[in-house]
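**Student:** One structure follows; several queries about it will come next.
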Amino acid sequence: MKLQQRLIFQLRGQERWLTMLKSDEELITECDCSLEQIQNKAKRIINNLGSDREQNTSSQLFNLYDSTQDIFNQYAIAYLLKNGCRIPKKPENAKKFTNRRRKAEIKVNRLIKKLNGKAPQGRDLTGQKWLDMLLTATTKVPKDEAEAKSWQDALLTKAKSVPYPIAYESNEDITWIKNDRGRLCVKFNGLGEFTFEIYCNKRQLTIFQRFYEDQQIKKASKNNHSSALFTLRSARIAWQEGKGKDKDKPWNINRLILFCTFDTL
C-alpha cells in the first residue's frame, strides 16, 4: 500500500509538471504576450519570494503556482521552473525542449503501467478519486454512452472506509509468541516489530494455542520439523468497520481482525 501511495504521488506530480511544461512559443501564444513580458514578470516573482529556509526556490514556486489564480503569473512561474528558477540568457532550443517533454511523457506512462500492474491498487480512503471523478463529470463531456455510464457508476459507488485485507499465504510469515503476562500474541512478516494480542472465545483459543505449540515444537527440534505439518495454513488480517464519530482517527472506530485457515485432520 505504501508503494502504491508513493507511485500515485509520483504520478500526480509528473502529470502536474507535464501540464506546466510548455515551450516558449506555447507560453507566448497562450498568454498572448511577448517573451520579454513573461521574463519581466518572472523577475518580479523571483525578487518577491520570501527567504523561507525550510523551502527551496522551486518548492516556493510550485506552492505559489497552486495558490495564484492569475494565468499570467502561472505562466511566468512555469517559465521559471522550466529554466531552473532563473532567467536564461540564451534562446530556447526547440529540439532539446521536445526531447525534454518526451522524457516527461515517458515517465508518466511508466508510472501508469506500474499502477496498472499486479500490485494492489489500495482503496480510496481519502475520497480523492471520487472528487477527481466529480470534477471530470462536471467539467467535461463524455465521448460516448459507455464512458458516461462508467462516470456515473464511479460516482454512485460508496467508498470503503478501511483498507484492503493483507493475506499471508505461508505460515512461515506468522510468528506466535506469549508476552510477559502469558497472553498469546502474533507478529506478521513485513509489519516490523508490531505485536498483536489475541482476543477470542475459549473454542478459538484452543486452535490458536495449537498454532503456538506447532512453532514451539519446530523451534525445540532446531527446525528439523517441516512447517508443512503445521496446523495453520494461511491467514489474513483485515479491518472490520465499526460505528463512531471520531472520523479523524478511524482506528478508534474500526477493529483489526484475524482470519485463519487451518488443517482439521
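**Student:** Dividing the alpha-carbon radius of gyration of segment 146-223 by 2.2 N^0.38 Å (N being the number of residues), what value is obtained? Provide the component values of the computation, followed by the final result.
**Tutor:** Working: Rg = 19.8 Å, N = 78, 2.2 N^0.38 = 11.5 Å.
Rounded to two decimals, the normalised Rg is 1.72.
**Student:** So if each residue of separation counts as 0.36 nm, and I subtract the Cα-Cα distance between K178 and A154, what length gain in nm does that give?
**Tutor:** Gain on extension, K178 to A154, equals 4.1 nm.
**Student:** Between rounded, prolate and oblate, where does segment 166-262 land on the alpha carbon gyration tensor, with a ≥ b ≥ c its root eigenvalues, rounded for a/c under 1.5, else prolate if a/b exceeds b/c?
**Tutor:** It is prolate, given that a/c is not under 1.5 and a/b is the larger ratio.
**Student:** On to the next question. May I ask you to list the lysines whose Cα is less than 19 Å away from that of K114, ignoring any residue fewer than eight positions away on the same chain?
**Tutor:** Straight-line reach from K114, under 19 Å: K2, K103, K129.
**Student:** When the expected Rg is taken as 2.2 N^0.38 Å, what fraction or multiple of it is the alpha-carbon Rg of the chain? Show your work: numbers first, answer last.
**Tutor:** Numbers: Rg = 27.5 Å, N = 265, 2.2 N^0.38 = 18.3 Å.
Working it through for the chain, the quotient is 1.50.
**Student:** Report the label-to-label distance for R210 and S34 in nanometres (one decimal), using points 7 Å from each Cα along the Cα→Cβ vector.
**Tutor:** Taking the simple label geometry, R210 and S34 are separated by 8.6 nm.
**Student:** So how do L155, L115 line up by other beta-carbon neighbours within 10 Å, fewest first?
**Tutor:** Numbers: L155 12, L115 16.
Starting with the residue having the fewest Cβ neighbours, the order is L155, L115.
**Student:** Restricting to Cα atoms and excluding each atom paired with itself, what does the Kirkwood estimate give for segment 18-79 in Å?
**Tutor:** Over segment 18-79, the inverse of the mean reciprocal pair distance is 12.0 Å.
**Student:** So what's the angle, to the nearest 10 degrees on a 0 to 90 scale, between helix 35-48 and the longest Cα principal axis of the chain?
**Tutor:** With rounding to tens, the tilt is 60 degrees.
**Student:** Still on this structure: Please quote Rg/Rh for segment 2-120 to two decimal places, taking the Kirkwood radius as Rh and restricting both calculations to Cα atoms.
**Tutor:** In segment 2-120, Rg relative to Rh is 1.02.
**Student:** What distance in nm separates the two pseudo spin-label positions at F9 and K245, each 7 Å out from Cα along the beta-carbon direction?
**Tutor:** 3.3 nm
**Student:** Find the relative contact order for the chain and round it to a whole percent, using C-alpha pairs within less than 8 Å whose residues are 6+ positions apart.
**Tutor:** Values: 241 pairs, mean separation 37.5, N = 265.
Dividing the mean separation by the residue count of the chain yields 14 percent.
**Student:** Kindly flag which residue pairs out of K22/K107; K41/K82; K107/K140; K41/K89; K178/K202 have an alpha-carbon separation exceeding 20 Å in this structure.
**Tutor:** Distance filter (> 20 Å) returns K107/K140.
**Student:** Turning to a different aspect of this structure: Which distance in Å, rounded to a whole number, links the C-alpha centroids of segment 74-98 and segment 1-52?
**Tutor:** Here the two parts' Cα centres lie 10 Å apart.
**Student:** Compute the angle between helix 94-115 and the longest alpha-carbon principal axis of the chain, please, reported from 0 to 90 degrees and rounded to the nearest 10.
**Tutor:** 20 degrees
None of the figures in this text is laboratory data; all of them are computed from the coordinates on show. Quick caveat: nothing in here was measured; it's all calculated off a predicted structure. When we count neighbours, we look across all protein chains shown, and the Cβ atoms used for this are built from the backbone with ideal geometry, even at glycine.
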